[in-house]
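A short write-up of the structure that comes next.
The values are calculated or read from the model by the stated rules, or taken from the named source; none is laboratory data. The shown structure was predicted, so the numbers you read here are calculated from the model rather than taken from an experiment. As a convention, Cβ positions derive from the backbone with ideal geometry for all residues, glycine included, and neighbour counts pool all protein chains shown. Accessible surface is based on the protein model in full, side chains and every heavy atom, while ligands, DNA and RNA are left aside. Shrake-Rupley method; radii C 1.70, N 1.55, O 1.52, S 1.80 Å.
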Amino acid sequence: MKLITSMEALKSELQLTEQELCWKEDGLTVPLSITDYYFNLIDKDDPNDPLRKQVVPSVLENNAEVYEDMDPLEEVKHSITSRLVHRYENRVAFLVTDICPMYCRHCFRRRFTGNMVGPATENQIIEAAKYVGSHPKIKEILLTGGDVLTLSNNQIDFLLKTFREYQPKLLIRLCTRYLTSYPDRIDEELISILRKYDTAPIFIMVQFNHPKELTDKSKAAIKKLTDAGFFIFDQTVLLKGVNDDPKILSVLFEELLLLKVKPYYLFQGDLVSGTSHFRVPLQEGLKIYKEVANTVSGLALPTYALDLPHGAGKASLGTASITETPNYFIITSPEGNTVSYPKQ
Ligand SMILES: *Cc1c(COP(=O)(O)O)cnc(C)c1O
Ligand code: SF4
C-alpha cells in the first residue's frame, strides 16, 4: 500500500483547484493521507468527483462556524478513560487508535483522529476490558477510532482476546473503512483471527458513501467476510456534493444489500468544526430520505440518524419530533431533551 501524504505529492498527481491548493493543516483538520488504491478510483478530470471530495483537503475545512464544536457528541465528558466512551448504559465505544490509512475530510471525530498518538497500549486495553467486565449492563462494544485495522493482526488478536476474556458474551462491533480505502487488508490471517473470537457475535461496521466505491476488490473483501459468517453493517454519511441525491443513495443501498451488507445508518452531518461545506440542510436531507424510502425495500433502507449536539444522543430523524424557529430546527432527543440544529 502506498500513501499520498503531502501536498507536493498530491499536486504532482492531480491538478488542484484554488480551494484545494489553499488548504492549511491546522487544528480543525485531519491529516492528508490517501491510499493509492482509492486515489486510482478518482476521475482526475472531474474537480467535483465524489471520491475526490472525500479525501482531497479543501480550504473550507479551515473555517469553523459559531455553532460548530470539536466534540459535539461530548465524548470527552462521557469518557471513562482517555479512550473508553460510555454514553449509553448498555454499550461502550473504545477508541482503539487515532490512525487511519486514509483520512476522510468529513471525519466527525477529528478532535481525536489523526493526532498520531497511535494504538492503545496493552495496559489501556486491559483497563478498558476490566471496566466492561465489571459492568454487566454493558452488552456491546464498538471498537473504533481511527481505523481498527491499522493494527497488526497480532494486535487485533490481543484486543479481541482481552475483551472476550473479561466479558465472554460481549457483542463486538469492529469499525473500519478499509473495505473502502484498501480492501486487500482483509487477508486470510485476519479472517481466521476474527473467527477464533466469534464465540459471541463480531459485527463488521463499514462506511460506503458512493456506489463508485463498490469495486471488484471491495466486493471480494466483503465476500470473504460474509462467507466466513460475519454480518456487515454500513454507516453512510450524507455528504453535500458526494451523495446528496436519492438516486445515488438508492443505488448504493440496493447494491450493498445484494452483497449481504445491511445499510444501518445514514448519518446527517454532525456539527463538527470545519465540516459545514459537507452538511446537507436538514430539510433537504429529510426530503432525500423520503424519496429513498419510497424507492428501496425495507431491508435496503437505513435509519436516518443524527448524533444530536451537546452529547444529547442519537435521534432517528425519520420519526423524531422536529419543530422550527426562524434559524433553527428544534429536535427532541430520545431521552426527552430538546436541542437546536441550524437551518443554514
Ligand atoms: C453511536 C454510538 C454508539 C452506538 O449506538 P447505536 O445506535 O447502537 O449504533 C455507542 N456509543 C457511542 C458513544 C456512540 O456515539
Ligand atoms: S475512517 Fe473513520 S475515523 Fe478515519 S478519518 Fe474516516 S471517518 Fe474518521
Average projection area in nm² (convex hull over Cα atoms of segment 185-323, one quarter of hull surface): 9.8
For residue 146, net neighbour charge (Lys/Arg +1, Asp/Glu -1) across residues whose Cβ lies under 15 Å away: +4
Computed FRET value (nearest 0.05) for residue 1 with residue 25, which takes r as the C-beta separation and R₀ as 22 Å: 0.50
Within the chain, percent of DSSP bridges classed antiparallel, to nearest 5: 40
Given the chain, longest segment not containing exposed loop GluC sites (Glu not before Pro) (DSSP; at most 11 other Cβ within 10 Å): 90-334
Cross-link pairs 196/290; 290/314; 77/137; 137/314; 240/262; 2/53 - those with Cα-Cα distance over 31 Å: 196/290
Cβ-based net charge around residue 235, under 12 Å, with every Lys or Arg adding one and every Asp or Glu removing one: +2
Solvent-accessible surface (1.4 angstrom probe) belonging to residue 208, in square angstrom, nearest 10: 0
Kirkwood Rh, Cα atoms: Rg over Rh of the chain: 0.94
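Per residue, how much accessible area does segment 291-344 show when a 1.4 Å probe rolls over the protein heavy atoms, in square angstrom? Numbers along the way, then the final one.
Numbers: 2640 Å² over 54 residues.
Spelled out: the 1.4 Å probe surface of segment 291-344, per residue, equals 49 Å².
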Relative contact order [Cα under 8 Å, 6+ residues apart], segment 205-283, whole percent: 36
Given charges at beta-carbon only (K, R positive; D, E negative), |dipole| of segment 246-344 in Debye: 120
Length released on extending from residue 15 to residue 295, taking residue separation times 0.36 nm less the Cα-Cα span: 97.1 nm
Computed [θ] at 222 nm, deg cm²/dmol, the chain (DSSP H ≥ 4; -39,500 (n - 2.57); rounded to nearest 500): -8000 deg cm²/dmol
Sparse-neighbourhood loop sites, trypsin sites (Lys or Arg not before Pro) in segment 172-262 - DSSP loop, at most 14 other Cβ within 10 angstrom: 260
Of the trypsin sites (Lys or Arg not before Pro) in segment 40-132, those whose Cβ has at most 13 other Cβ within 10 Å and which sit in DSSP loop: 44, 77
Sequence of 295, 29 when ordered by accessible area, the most exposed leading, probe 1.4 angstrom: 295, 29
Cα-Cα P(r), segment 1-117, percent of pairs per 10 Å interval: 12, 40, 29, 15, 3
Solvent-accessible area, 1.4 Å probe, carbon plus sulfur percent, for segment 1-70: 48
Cα centroid separation, segment 121-192 to segment 300-325 (Å): 28
Accessible area expressed per residue, segment 1-140, with surrounding protein chains retained (probe 1.4 Å, Å²): 48
Dipole of the chain, positive end: most advanced residue of 42, 123, 181 [Cβ charges, Cα centre]: 123
